[in-house]
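**Q** Structure incoming, see below.
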Amino acid sequence: MYANSHKEPIDDSVSREKPCQVDLANSGLISGLQMAVATMRKNELALFVIHHSHGFGDFGLPPRVPGKALLLVALELKDFFKAGTSKNMISNLSSSLEGDNPQELTFREVRKKAIKNMKNGKKFWREKDWYTASLFYQKGIDLLTSYRLKNFVEQAKQQRVLLALHQNLAACGIKIARPALTCIHAREALEIKPDNPKALYHFGCAKLMLEDASGAVHLLTKVVQMRPNSSRAREKLHRAMEEKALRDRLALNVLESIDNLASSDLPDLVLDGSESSADESDSELS
């Protein structure tokens with residue numbers, strides 16, 4: 001933003017290497033900027049000349065902005081979204097975490113931030129926005145795992161929160177059809193607490209989605225043994241067993257076909273007279 005003929009900008013977010021995020025309903029921007037932004041499309045780059053009546057007024061902001069200054073502003077609109085939407089929440093989350101170095105915080109502060117992310121994730125899970133929920137769970141995991149633990153007490157508290165975050169993120173992977181993501185975080189949860197039924201269940205569901213029926217049967221059998229009254233686990237195990245039986249039958253049919261082909265008599269190849277004569281002619285010419 002330039003004022004009149006000043007060679008130096010009076011404001012420059014480019015040099016700060018950080019986009020400016022504003023709420024048009026409560027931004028504190030001069031009215032000319034508010035009107036300019038409202039006319040723009042996503043990723044548009046535009047120049048605006050703003051009259052002082054929509055800028056800093058008759059008196060300006062001495063000494064940087066003289067009175068009745070005409071403003072020249074270059075704007076690039078990177079993105080926009082409605083307040084209260086999941087995209088807005090993610091953007092606010094990213095902004096709030098920028099510059100946060102877990103090593104400069106106490107463990108209590110890091111844990112508090114991670115739990116806040118987990119609560120936000122649960123909020124979006126209840127709203128069935130599983131993708132946004134997964135982003136919040138991942139943020140919590142990143143915070144806790146980037147902190148350098150000082151003692152076993154901190155480790156124990158970290159592991160308890162991490163277990164819940166990994167379990168929740170594994171569940172999100174199933175909902176957003178990313179079984180590989182579920183496998184990663186189910187394994188992490190099982191590293192913290194082996195034979196955890198929730199992690200085993202999600203792991204088994206992901207294996208079934210990845211067409212590893214044998215692996216799914218193995219994992220879901222453990223879940224049913226630990227939770228025999230879980231109808232959901234029994235139903236998923238039944239489906240995995242059916243899938244495994246089908247694949248076993250297909251594999252057996254393929255092997256039988258190969259064996260039948262190998263044991264069958266192949267017809268002898270006999271050259272007719274014309275071909276024999278041609279070969280003899282060729283040999284004579286050579």
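**Q** Rounded to the nearest 0.05, what FRET efficiency is calculated for residue 218 and residue 253 with R0 set to 22 Å and r the Cβ-Cβ distance?
**A** 0.40
**Q** Right, another one. Return the equivalent ellipsoid semi-axes of region 112-152 as a descending list in whole Å, where each equals the square root of 5 times an eigenvalue of the C-alpha gyration tensor.
**A** Semi-axes from the Cα gyration tensor: 24, 9, 6 Å.
**Q** Would you mind telling me the share, in percent, of accessible area of region 176-249 contributed by carbon and sulfur at probe 1.4 angstrom?
**A** Reported share for carbon and sulfur atoms: 49 percent.
**Q** Let me ask something else about it. Sorting 8, 127, 109 by accessible area (1.4 Å probe), largest first, what list results?
**A** I get 8, 127, 109, largest accessible area first.
**Q** Give a residue-ordered list of calculated ³J(HN,Hα) values for region 175-188 (Karplus: 6.51 cos²θ - 1.76 cosθ + 1.60, θ = phi - 60°; whole Hz; x for Gly, Pro).
**A** Coupling constants for region 175-188: 5, 9, 6, 10, x, 5, 4, 4, 4, 4, 7, 5, 4, 4 Hz.
**Q** Want the number for residue 74 to residue 193: 0.36 nm per residue separation, take away the alpha-carbon distance, what's left?
**A** Extending this stretch completely gives an extra 37.4 nm.
**Q** Quick check for me: using +1 on Lys/Arg Cβ and -1 on Asp/Glu Cβ, what's the dipole size of region 218-266 about its Cα centre, in debye to the nearest 20?
**A** That gives a dipole near 680 debye.
**Q** How high is the FRET efficiency between residue 176 and residue 149 when r is their beta carbon distance and R₀ equals 25 Å, given to the nearest 0.05?
**A** 0.20
**Q** Roughly speaking, what is the stretch gain from residue 49 to residue 229, that is 0.36 nm per residue apart minus the C-alpha to C-alpha distance, in nm to one decimal?
**A** Here the segment from residue 49 to residue 229 would lengthen by 57.8 nm.
**Q** Let me ask something else about it. Counting only heavy atoms of protein chains, what accessible area per residue, in Å², does region 108-171 have with a probe of 1.4 Å?
**A** I get 57 Å² per residue for region 108-171.
**Q** What ³J(HN,Hα) values, in whole Hz, does the Karplus curve 6.51 cos²θ - 1.76 cosθ + 1.60 give for region 227-244 when θ = phi - 60°, with x put for Gly and Pro?
**A** Taking θ as phi minus 60°, the curve returns 10, x, 8, 7, 5, 5, 5, 5, 5, 5, 5, 4, 5, 5, 5, 4, 5, 5 Hz for region 227-244.
**Q** Which order do peptides 142-148, 212-218 fall in by mean Cβ count within 10 Å, highest first?
**A** Descending packing order for the listed peptides: 212-218, 142-148.
The values are calculated or read from the model by the stated rules, or taken from the named source; none is laboratory data. In this text the structure is predicted, and so the values were computed from the model without any measurement. Every residue, glycine among them, receives a Cβ derived from its backbone with ideal geometry; neighbour counts consider all protein chains shown. Just the protein is used for accessible areas: all its heavy atoms, side chains included, with ligands, DNA and RNA removed. Shrake-Rupley method; radii C 1.70, N 1.55, O 1.52, S 1.80 Å.
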